[in-house]
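The values are calculated or read from the model by the stated rules, or taken from the named source; none is laboratory data. Bear in mind the structure is a predicted one, so any value in this text is a computation, not a measurement. Quick reminder, even Gly has a Cβ in these numbers, built from the backbone with ideal geometry, and neighbours come from all protein chains shown.
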Amino acid sequence: MLKHLVCNCCPTDSSLTCQPADATPLRLSRRRVLAGVAASAGLALSSPRNALAQAPAAAPRNIVDVHHHVTPPAYREELIKRGINDRLLLNWSVQKSLADMDKGGVATSILSLAPPGIWFDDPATARILSRKCNDYCAQLAKDHPGRFGVFAALPLPDVEGSLKEIEYALDTLHADGFALFTSYGDKYLGDSAFDPVMEALNARKAVVYTHPRIPNCCGNVVPAVQLGIVEFQTDTSRAIASVIATGVASRYPDIKWIWSHGGGTMPFLYGRFIRMVNLRPAIAPNVPKGVAYELSKFFYDVAQVAYRPSLAALALAVPQTQVVFGTDFPYRSSADHVAGLTEFYTDHAKLAMVLRQNAETLIPRLKS
């Protein structure tokens, strides 16, 4: 049975320190990043001696946010019904989204549901909620031309319902892709139970944005630490490993994966990831082109990781073409993330890739 938890991006306990969208951006000391990392990454990470000599690149005003949460009325009602009191989700409004986007220079946000999602151990409810939420997001996109896109929700782990929703979301709503969670109960996205869904997504060359959640194994592991601090990032890393090791990435190469929060802990664990086959040779047939090849194909958003150490690790782990902008709104703001990125990317061309151009590769309609 799946656990039904308050979205752990922002706990209801206000004494904890999750930063909401309107919080003041944090700044890290330039001394925290070594000059050697800058040279390896090919990025202008200033040392204390030359920090003043390098002005941040100016951010454009046509940014694409691929990690922007929305609370459709049907979802809000279900959360309240089940006692899930996430104040930022419950108080979301389209006006708040647009105001934050305008402040940060975001032209278009691709909408998705935040955790806990629509699965409450009831396939019928999940199917109804996915349809209502997807219809709502599609209508928002129509009502605000150019401002919103849609990553449609699927009623996983209900495979049959998900296959029907894939068809409806693409053929009727013209969704930009799909929003999946990294795990569903004890099953990760590489689980063979989801193969029919992966086959359908691959056939449609779908964009699949992912968001972490707390799996059955790992709620309240360290009670003093809010779950989103460690467990969300860890669940993303588990999902990436699952998709690679089971062969989902190689068998369904036309799925365009987006991993949230800079790929979780994967950039730091890069060495362990690429040695996955050495440590377990039996999975070698599932990774015919190597782990590094698969990691370099995925996309990674910068939501919650717009800090110099995190961005440096991501820049060393994956090609610049694979990094896309995300905010995790309403838990963080677009202006906060733009500020962090412009401090890190002093090269305007690289900044522009992250803020828009790489998203255009994923979603070609954005080019028009």
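Scanning region 185-211 for residues that are under 19 Å from Glu165 (Cβ atoms), part of a strand (DSSP E or B) and either of a type in the set (Ser, Thr, Tyr) or in contact with a strand residue (DSSP E or B) (Cβ under 7 Å, 6 or more places away or on another chain) (or both) turns up Val207, Val208, Tyr209, Thr210, His211. Selection of first residues in region 185-204 that are surrounded by fewer than 16 Cβ atoms within 10 Å (Cβ to Cβ) and at pLDDT 95 or above and of second residues that are assigned to a loop (DSSP other than H, G, I, E, B) and not charged (D, E, K, R), restricted to Cβ pairs under 8 Å at least 6 apart or on distinct chains, gives the following pairs, ordered by first then second residue: Ser192/Thr246; Ala193/Pro157; Glu199/Tyr252. Among the residues making up region 60-106, a single one is touching a Gly at 6+ places or on another chain (Cβ under 6 Å) and either outside any strand (DSSP E or B) or loosely packed, with under 15 Cβ neighbours inside 10 Å (or both): Arg61. Would a scan of region 356-364 turn up a residue that is outside any helix (DSSP H, G or I) and either surrounded by 15 or more Cβ atoms within 10 Å (Cβ to Cβ) or out of contact with any His (no Cβ under 9 Å at 6 or more places or on another chain) (or both)? Yes, region 356-364 contains a residue that is outside any helix (DSSP H, G or I) and either surrounded by 15 or more Cβ atoms within 10 Å (Cβ to Cβ) or out of contact with any His (no Cβ under 9 Å at 6 or more places or on another chain) (or both).
Within region 334-346, identify whether any single residue is free of Cβ contacts under 8 Å to residues at least 60 places away in the same chain and among the aliphatic types (A, V, I, L, M), and answer yes or no. It would help to see each step written out before you state the result.
Of all residues in region 334-346, those free of Cβ contacts under 8 Å to residues at least 60 places away in the same chain come to none.
The answer is no; no qualifying residue exists.
Counting only residues that are in a helix (DSSP H, G or I), crowded, with 24+ Cβ neighbours inside 10 Å and either of a type in the set (A, V, I, L, M, F, W, C) or out of contact with any helix residue (DSSP H, G or I) (no Cβ under 9 Å at 6 or more places or on another chain) (or both), region 145-184 holds 1 of them.
Evaluate the following for Arg127: is it out of contact with any strand residue (DSSP E or B) (no Cβ under 6 Å at 6 or more places or on another chain), buried (at least 20 other Cβ atoms within 10 Å of the Cβ) and part of a helix (DSSP H, G or I)? In short, no. When the helices (runs of 4 or more DSSP H) confined to region 290-355 are screened for residues that are buried (at least 24 other Cβ atoms within 10 Å of the Cβ), under 18 Å from the mean Cα position of the chain (by Cα) and not charged (D, E, K, R), those reaching at least 1 such residues are found at 308-317, 334-344.
What residue, of Ile258, Ile214, is within 22 Å of the chain's Cα centre (by Cα), touching a residue at least 60 places away in the same chain (Cβ under 8 Å) and in a loop (DSSP other than H, G, I, E, B)? Working first, answer last.
Details: Ile258 fails: in a loop (DSSP other than H, G, I, E, B).
Answer to the selection: Ile214.
Return yes or no: is Ser250 surrounded by fewer than 24 Cβ atoms within 10 Å (Cβ to Cβ), more than 26 Å from Tyr188 (Cα to Cα) and free of Cβ contacts under 8 Å to residues at least 60 places away in the same chain? Judged against the criteria, Ser250 is not a match.
The set of residues in region 221-230 that are under 17 Å from the mean Cα position of the chain (by Cα) and either over 18 Å from Tyr188 (Cβ atoms) or at pLDDT 80 or above (or both) comprises Gly228, Ile229.
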